[in-house]
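Following: one structure in structure tokens, then a few remarks.
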Amino acid sequence: SASSSPSSFLIQSMGPRMGMFLPSSSKAVLSFSTLPPHTPIAMPALSPTMTQGNIAQWNMSEGAKVNEGDIIAEIETDKATVGFDSQEEGFLAKILVPAGAQDVAVGTCLGVLCESEADVAAFANYTAPAPA
């Protein structure tokens, strides 16, 4: 399938490092031929030593409009519960890791943002690409 192609893995695996080569205003958008343009939402590293966290709650539901800076979820670390704010605007097309999930590794795809509300339905059966 397209989601497990070598090129899609390469784009995802380079994601955190791409900022070193692109202006900060650039954004990587993954796009497969069968899906509208979308942006993966990855579990953030909320501290230099954080390797995993828990999803305390989602503050938005699938289909919701997301503005840059909106707190989309609450992430529990070993030290605190921290609001996870969106770096992009769009629509929350799919939640892949449910509230209450424990020990979610940093970098895990938690959900997907898409650009248009009309595109949300295209992600109804979306699953995250398998890690290599």
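What follows is calculated from the coordinates using simple rules that are stated; it is not laboratory data. Nothing here was measured: the structure is a model prediction, and the numbers come from that model. With ideal geometry, Cβ positions are generated from the backbone for all residues, glycine too; neighbour counts draw on all protein chains shown.
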Which loop-located GluC sites (Glu not before Pro) does segment 34-80 contain, where loop means any DSSP state but H, G, I, E or B and the Cβ has at most 10 other Cβ atoms within 10 Å?
GLU68
Estimated vicinal HN-Hα couplings, Hz - segment 63-70 in sequence order (Karplus 6.51, -1.76, 1.60; Gly, Pro = x)
x, 6, 6, 10, 9, 4, x, 5
Give, as a single signed number, the net charge of other residues whose beta carbon lies under 12 Å from the beta carbon of PHE84, with Lys and Arg counted +1 and Asp and Glu -1.
-4
Under 5 Å between amide hydrogens, which residues at least 5 positions from GLY111 or on another chain qualify, with H placed 1.01 Å from N in the peptide plane?
ILE41, LEU96
Note down the net charge around ASN67, summing +1 for each Lys or Arg and -1 for each Asp or Glu among other residues with Cβ under 12 Å from its Cβ.
-4
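With Cβ to Cβ distances under 11 Å as the rule, what net charge do the other residues near GLY53 carry (K, R +1; D, E -1)?
-3
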Step through the residues of segment 110-116 one at a time and calculate ³J(HN,Hα) from phi using the Karplus curve (6.51 cos²θ - 1.76 cosθ + 1.60, θ = phi - 60°), rounding each to whole Hz and writing x for Gly and Pro.
8, x, 9, 9, 10, 7, 10
Karplus-derived 3J(HN,Hα) from phi for segment 93-107 (6.51 cos²θ - 1.76 cosθ + 1.60, θ = phi - 60°), whole Hz, x at Gly and Pro, runs 7, 7, 9, 9, 10, x, 4, x, 5, 10, 6, 7, 5, 4, x
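Once Rh for segment 31-132 is found with the Kirkwood sum over Cα pairs, what is the Stokes-Einstein diffusion coefficient at 37 °C and 0.692 mPa s, in µm²/s?
Rounded to a whole number, D works out at 238 µm²/s.
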